[in-house]
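This report concerns only the one structure given below.
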Amino acid sequence: MSAPVIAMQCNYAYLDKLFTSLKSLLYHNNGLKIYILNPDIPQEWFKNVNQQLSSIGDNIIDLKVDQSGFGDSQISFSNRLNTMTFNKLLLPRLLPEEKVLYLDSDVIINHSITALLNLDFSEPLAAVKDLNSADSEINAGVVYFNNPVINQHPKIVDQLLPASKQPGLKNADQSVLSNFFYHQAKFLPRTYNYEVGVEGYAVYHHIDRIISELARISDPAIIHFDSDDKPWNLLSTVRYRELWWYYNGMSIRDIIDHVTLWTNKPRWSKLRGPLFCLTNSQDFSHLTELVTTLSDYQFEIAARTSMGPKLVSLLKYPNVRLYQGILPQVMADRLNCAKAYLDVNQGMKDTKVIRQFLESGKPVLAFNNTMSMAGNDQYLVFADDQVKKMADWIRTID
């Protein structure tokens, strides 16, 4: 049986993002033939990766694609797309294989996708409906091409690239593929293209349909960061940021050990906690002292708005995580994970969130000059000079 075929694309400047996607794919799936469409990735990179992967049967193929033919192609979102995105329109002609699963470089694969790779379909392509335009477009971040069916209509193949040059394209290559194939496509379950990137937009604009659609899936197989709010940005609101960085830090050796020895995921040093705080200001009492004293604890500081430089400066501490413009589902998840809530910020407080946390039976800690409520056994108040005492108490939690 021939190896399943994957196609991905990027230029050298984006290689670390593609490599993260690639590692997540290989961790959960092996024996793959993977084409990397690119204009400028050095061949040494392919040699090094293939040498390491040879023991588990994966093959990464360097496929150079001349980008000069895309000069007039219409880019809708110039800040996050370039003309390379149109490479996928060439796949039916570039690759000899019958079935090719295309994956964007801003996805991570978090489960085996064997069922998808073994999918038998007779349509020209299979894809998930785009969340923002579910009645008219597929999402082009994950597209399963049925090349023999597409190539039965050479006029269509010849028209794909010229169509990318037509003015007024709403979503670049995605609109091209949708215009030609939407009404002939096989639609896949959303677990195979979970568009978490649009969640922030949907929350901000109160698009309940998108929020509800995303909420139906709790453990997606392919997570797609399809917006400017990428997990590798300094600050981002997008869910699964930690998971992207998890795969980013994974080594090829981790992947090989998992495939050959069935080891668990890499055992990295794990911080205790976390300790959570929702703030409306940049001013805190003794937060830096707590962060440095409890260096083995994760501190999670969230805000519903953008964060200023005083908060951003806390990122110099490796045990601090900032959640700028935190989304409701992220808030619920982080509060659920938190071992304690630190009511140590100055200014206005969200007492509703603090009360809900107390109702969960977990402690809230404050100083005299930051306390926002009293009369609850789980709400613990320390004198303003009792930083060490608060830190010692925190260490008793778990």
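No lab work stands behind these numbers, since they all come straight from the coordinates. What you see is a predicted model, and the numbers here were worked out from it, not measured in a lab. Heads up, the Cβs are rebuilt from the backbone with ideal geometry, glycines too, and the neighbour counts pull from every protein chain shown.
Rounded to the nearest 20 debye, the dipole size of segment 181-265 about its Cα centre is 180 debye, using +1 on the Cβ of Lys and Arg and -1 on the Cβ of Asp and Glu. In summary, the lysines within cross-link reach of residue 339, defined as a Cα separation below 19 angstrom excluding same-chain residues under 8 places away, comprise 270, 352, 362, 388, 389. Shape of segment 194-233 from its Cα gyration tensor (a ≥ b ≥ c, root eigenvalues): rounded if a/c is under 1.5, otherwise prolate when a/b > b/c, or oblate? Here segment 194-233 falls in the oblate category. Straightening the chain between residue 253 and residue 153 buys 31.6 nm, computed as 0.36 nm per residue apart minus the Cα-Cα spacing. With a 10 Å cut-off between alpha carbons and a GNM built on the chain, which of 348, 331, 371 moves the most? Its mean-square fluctuation being the largest, the pick is 348.
How many nm is it between the label spots at residue 170 and residue 217, if each spot is 7 Å from the Cα in line with the beta carbon? Taking the simple label geometry, residue 170 and residue 217 are separated by 2.0 nm. Listed options for Rg and Dmax of the Cα atoms in Å are (1) 24.1, 77; (2) 22.6, 74; (3) 20.7, 65. The value calculated from this structure is the one marked (1).
Cross-link partners of residue 47 among aspartates and glutamates, defined as those whose alpha carbon lies under 17 angstrom from its own and excluding same-chain residues fewer than eight positions apart: 16, 58, 62. In the chain, a dipole from Cβ-located charges (positive for Lys and Arg, negative for Asp and Glu) runs towards its positive end, and of 193, 250, 139 it is 250 whose Cα lies farthest in that direction. Annotation: lysines with alpha-carbon distance below 17 angstrom to residue 99 (same-chain offsets under eight excluded): 33, 88, 186. Gap in Å between the Cα centre of segment 193-255 and the Cα centre of segment 271-322? If we compute the Cα centre of each part, the gap is 22 Å.
Projecting the Cα atoms of 260, 167, 294 onto the dipole axis of segment 166-306, where Lys and Arg carry +1 and Asp and Glu carry -1 at the beta carbon, places 260 farthest toward the positive end.
Ordering 342, 116, 215 by Cα displacement along the dipole of the chain toward the positive end leaves 342 in first place; charges were set at the Cβ atoms of Lys, Arg (+1) and Asp, Glu (-1). Computed from the C-beta positions of residue 368 and residue 337 and an R0 of 30 Å, the FRET efficiency is 0.60 to the nearest 0.05. Of all DSSP bridge pairs formed entirely within the chain, close to 30 percent run antiparallel.
Taking a ≥ b ≥ c as the square roots of the eigenvalues of the Cα gyration tensor of segment 135-221, is the shape rounded (a/c under 1.5), prolate (a/b larger than b/c) or oblate? Oblate shape, in that a/c is at least 1.5 and b/c is the bigger or equal ratio. Its Cα centre serving as origin, the chain has a Cβ charge dipole (Lys and Arg +1, Asp and Glu -1) of approximately 400 debye. Helical content of the chain, expressed as a calculated mean residue ellipticity at 222 nm, amounts to -8500 deg cm²/dmol (DSSP H runs of 4 or more residues, -39,500 (n - 2.57) each, divided by residue number, nearest 500). Classification of segment 2-154 by its C-alpha gyration tensor yields a rounded form. The axis ratio a/c (a ≥ b ≥ c) stays under 1.5.
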